[in-house]
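The values are calculated or read from the model by the stated rules, or taken from the named source; none is laboratory data. These numbers were taken from a predicted model, which means no experiment stands behind them. All Cβ positions, glycine included, derive from the backbone under ideal geometry; neighbour counts span all protein chains shown.
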Amino acid sequence: MTMTTESTWTYSARTPEGESVTGSVVADTVEAVADRLRGDGLFITSIGADSGIGTSVDDAEVVRTMRARRVSRGDVSGFCQQLSVMLDTGVTLPEGLEALAGQARRREFREIIDQIHDQVCGGVNFSEALARWPGVFPPVMVNLVRAAELSGTLALMLGRIADYLGKEQRTIRQVRGALIYPAFMLGTGFMVVIFLVTFILPRFARIYEMRSASLPAPTRILMSIGEFAASGYTIWAPILIGLLLGIILGRRTTAGRSFIDWLKLRLPVLRGIHVHLYVTRSTRTMSTLLAAGVNLMDVIRICKGVTRNRQFERVWNDMEANVRDGHRVGLALETSPHVPSSVASMVAAGERSGRLPEVMEKVADASEEELDVAIKRCTSLLEPIMIVFMGLLVGAVAIALLLPIFRMSSIIH
């Protein structure tokens, strides 16, 4: 964007010490603003024309959040892969961004790439432009791009990021796939039981009552449940809605999140899945960041956010404290009850040999294989459990329906 007359530009930047600063500059072009700020030793975060009336910061944040929700990690992975190929073949970064903006299928993602393109053309570092969209580009990607900018290996690093995001998505799909089947079976079974109790059983009951038949105790119990479900909705509906709201709101509280995270690491069937999931994601992230030359303390802080479990975060808090005090990285893994001993031993060996990034990648691959095994084991256990549970539930309803029929001959005579 080029201006023929002097205009006022607002900017946000960071000092070499990491402190955020904002201000305004009078200049002809955005390039002149960028040159002046770099000359002052500042790292530019954003530059924009000061119109005096623009959108407030809060409104801009809302717009960014809404757009970010419509962009998937698959879109980001494809973006990194394509941009990596373009840069590797000699295409410049602005040209690559412009081409990818025109190819983007989602309008929201196209607008985001357009804004990143404008900021890069205005002198903003690519990593800083990505950091303005934390809901789209994860912190691990921003830090890897920042490291690649310093080393001049942006094309290679974008390819690694695409591979990392692809493996992460595959892992998430595996976990979700393992949980969908039991949830579907449970929901379907309860719907069938509710249909039988609410609609079928009362019709049988009216036939029996017309013949002055006394119903068996199981049938009367189910009839009472059905009548309560049909006519007592003023009682159970508010209770059910209250429970659902309590669960939804409780998950947003610190205590609620901590309890759910505690359950993930304690439930017998699901514990193995979540432990291997956290180990896979964190070690792969750590390997990629360390290989890119990112500072170890920054790596630990990023990994803390990758696991997204408050219980597991204690491992990274202990690791951060140990590294700060000069101790080994693997010490926190060795003392944690959540990390398998084999993982801690491999990391310790990697530290001793000076090949921690390579060892972390091997740990991630091995843990991913263990995750596959844990998911298959979970599925093989849940399938018969769900079948037996649903058989008992539906069988109990069927018996309650059939008991009066068994006595039908005595009722007729």
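What are the residues in the stretch 69-102 that are exposed (fewer than 14 other Cβ atoms within 10 Å of the Cβ), more than 18 Å from Phe137 (Cβ to Cβ) and under 29 Å from the mean Cα position of the chain (by Cα), if any? Selection gives Gly102 alone. Looking only at residues in the stretch 139-153 that are within 19 Å of Ser72 (Cβ to Cβ) and in contact (Cβ under 8 Å) with a residue 40 or more places away in the chain, the one that is surrounded by the most Cβ atoms within 10 Å (Cβ to Cβ) is Val140. Of the residues examined, Met191 is not one that is modelled with pLDDT of 80 or more, under 21 Å from Arg284 (Cα atoms) and of a type outside the set (D, E, K, R). Within the set Thr335, Thr283, the sole residue that is among the β-branched types (Val, Ile, Thr) and without any contact (Cβ under 8 Å) to a residue 24 or more places away in the chain turns out to be Thr335. May I ask you to verify whether Ile172 is surrounded by 12 or more Cβ atoms within 10 Å (Cβ to Cβ) and either more than 24 Å from the chain's Cα centre (by Cα) or at pLDDT 80 or above (or both)? Spelling it out, it is not the case that Ile172 is surrounded by 12 or more Cβ atoms within 10 Å (Cβ to Cβ) and either more than 24 Å from the chain's Cα centre (by Cα) or at pLDDT 80 or above (or both). If the condition is being of a type in the set (Lys, Arg) and surrounded by 13 or more Cβ atoms within 10 Å (Cβ to Cβ), then the stretch 364-391 contributes only Arg377. Applying the criterion of at least 1 residues that are farther than 25 Å from Gly152 by Cα to the helices (runs of 4 or more DSSP H) found wholly in the stretch 66-141 leaves 73-88, 93-103, 107-121.
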